[in-house]
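**Student:** The structure is given below, and queries will be raised subsequently.
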Amino acid sequence: MPDLCVNIDHVATVRQARRTWEPDPVWAAVEVQLGGAAGVTFHLREDRRHMQDGDLKRLKEVVTVRLNMEMAATAEMVRIACDLKPQMAMLVPEGRQEITTEGGLDVAGQQATLKAVIHELQDAGIPVSAFIDAESDQIEAAAACGFSVCELHTGPYAETFHDHGREISHDAVQHELEKLRQSSRQVIEAGMMCNAGHALNYANVQAVADLDGISELHIGHSIVSRSVFTGIQQATRDMINCMNGHALTGESKHHGATV
């Protein structure tokens, strides 16, 4: 089974709604570790809509599992990552008007720029991941650029699953899963580690967790959403159980699961 890395950004989103000091995403990082997470993921956006610069040093001090930084491929973010030295830096696209990341990084269209960023991060001892759509040309470009890891964008699968009544056997859902399966195989054959994430929740996660070759799942929104009712430690444990194929205790796997 893949490891679970919990994205804590949306804890910071709630905090920033009031521009106050609670809830503290750094404390959330402590809690998800206690819940069994193998990694903590955060995204420092250029517009600082959720995580703030002051959170980073405190995260580095309390996170004893893998710390994964999502970031745009900009000089500012490279400088911050090189100073922080997370266990992995994942390059993602950013749009100021988007609510959340809307698609994978276009590696094929900006190889020269990305090679320079990867080189600088790797020189600082930081493995670099690309958040990409499950497309063959993007995987080929990621390998050519020198990425160590690809994280496959699972949003299209999650949306298709939701749109077709959450029926995993539906042809359209199986088509999206097959794209992820073939892409994960291509990533591994190209010598890179394969992760997956985006819009995964308690109802749809098992099929992705069952794919051969997936090393990590990066999940945030659904865990933070469930934590309102259960606490984030338990929400983390529940996600690990669903990844293992176990229904949520005392309720349907569909309860509270939104895309």
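Every read-out reported here was derived from the displayed coordinates using simple, explicitly stated rules and does not represent laboratory data. If you're wondering where the values come from, they're calculated on a predicted model, not measured in any experiment. Cβ coordinates were reconstructed from backbone atoms using ideal geometry, including for glycine residues, and neighbour counts include every protein chain displayed.
**Student:** Could you tell me what a quarter of the Cα convex hull surface of the chain works out to, in nm² with one decimal place?
**Tutor:** Working: hull surface 51.2 nm².
Spelled out: convex hull of the Cα atoms, projected over all directions, averaged, 12.8 nm².
**Student:** Compute the longest continuous run of the chain that contains no exposed GluC sites (Glu not before Pro); treat a site as exposed when its DSSP state is not H, G, I, E or B and it has at most 14 other Cβ atoms within 10 Å. Could the numbers behind the result be given before it?
**Tutor:** Values: sites that count: Glu46, Glu98, Glu102, Glu167, Glu251.
That would be 168-250.
**Student:** Calculate one ³J(HN,Hα) per residue across segment 69-78 by plugging θ = phi - 60° into the Karplus curve 6.51 cos²θ - 1.76 cosθ + 1.60, and present them in order as whole Hz with x for glycine and proline.
**Tutor:** 3J(HN,Hα) across segment 69-78, in whole Hz: 9, 8, 7, 6, 7, 10, 4, 4, 5, 4.
**Student:** What is the order of Cys150, Cys194, fewest Cβ neighbours within 10 Å to most?
**Tutor:** Working: Cys150 30, Cys194 25.
Listed from fewest to most nearby Cβ atoms, that is Cys194, Cys150.
**Student:** Could I ask something else about it? Phe131's amide H: which non-local residues (gap 5+, or another chain) put their own amide H closer than 5 Å, with H modeled 1.01 Å from N in plane and none for Pro or chain starts?
**Tutor:** Those lying under 5 Å, H to H, from Phe131 are Leu91, Leu105, Glu151.
**Student:** Local charge sum around Thr154 (other residues, Cβ-Cβ under 11 Å, Lys/Arg +1, Asp/Glu -1)? Could you put the intermediate results ahead of the total?
**Tutor:** Details: positive: Lys179; negative: Asp133, Glu151, Glu159, Glu176.
So the surrounding residues net to -3.
**Student:** Let me ask something additional. To the nearest 0.05, what FRET efficiency results for His175 and Arg66 with a Förster distance of 35 Å applied to their C-beta separation?
**Tutor:** With R0 = 35 Å, the Cβ-Cβ based efficiency is 0.65.
**Student:** Between Ala73 and residues 5 or more places away or on another chain, which pairs have amide H atoms under 5 Å apart, with H built 1.01 Å from N, and which residues are they?
**Tutor:** Val92
**Student:** Okay, next question. Would you mind calculating the relative contact order of segment 3-243 from Cα pairs under 8 angstrom and at least 6 residues apart, reporting the percent as a whole number?
**Tutor:** Worked out over segment 3-243, it gives 19 percent.
**Student:** Would you list Trp21, Trp27 from fewest to most Cβ contacts within 10 Å? Before the final figure, lay out each step's value.
**Tutor:** Working: Trp21 7, Trp27 15.
With the fewest neighbours first, Trp21, Trp27 line up as Trp21, Trp27.
**Student:** Let me ask something else. Please report Met77, Met193 as a ranked list, fewest other C-beta atoms within 10 angstrom at the top and most at the bottom.
**Tutor:** Details: Met77 21, Met193 18.
The order, fewest Cβ neighbours first, is Met193, Met77.
**Student:** Taking amide H atoms as placed 1.01 Å from N in the peptide plane, list the residues 5 or more away in sequence, or in a different chain, whose amide H sits under 5 Å from that of Ser215.
**Tutor:** Cys194, Asn195
**Student:** Have a look at Gln206, Gly103, His10 and report the one farthest towards the positive end of the charge dipole of the chain, computed about the Cα centre with Cβ charges (Lys/Arg +1, Asp/Glu -1).
**Tutor:** Selected residue: His10.
**Student:** Residue by residue through segment 9-18, which ³J(HN,Hα) values in whole Hz follow from phi under the Karplus form 6.51 cos²θ - 1.76 cosθ + 1.60 (θ = phi - 60°), with glycine and proline marked x?
**Tutor:** Coupling constants for segment 9-18: 3, 6, 5, 5, 4, 5, 4, 6, 4, 10 Hz.
**Student:** Can you compute log10 of I(q)/I(0) for segment 114-254 with the Debye formula, treating each Cα as one identical point scatterer, at q = 0.13, 0.14, 0.21 Å⁻¹?
**Tutor:** Log-scaled intensity ratios, in q order: -0.61, -0.69, -1.20.
**Student:** In the chain, once you exclude exposed trypsin sites (Lys or Arg not before Pro) (DSSP loop, at most 12 other Cβ within 10 angstrom), what's the longest stretch remaining? Walk me through the numbers before you get to the answer.
**Tutor:** On the way: sites that count: Arg19, Arg48, Arg96.
In the chain, the maximal stretch lacking such sites is 97-259.
**Student:** Right, another one. Please get the size of the charge dipole for the chain, origin at its Cα centre, with Cβ charges of +1 on Lys and Arg and -1 on Asp and Glu, quoted in debye to the nearest 20. Intermediate results must be reported in sequence, preceding the final value.
**Tutor:** Working: 21 positive and 36 negative charges, 171 e Å.
Here the size comes out at about 820 debye.
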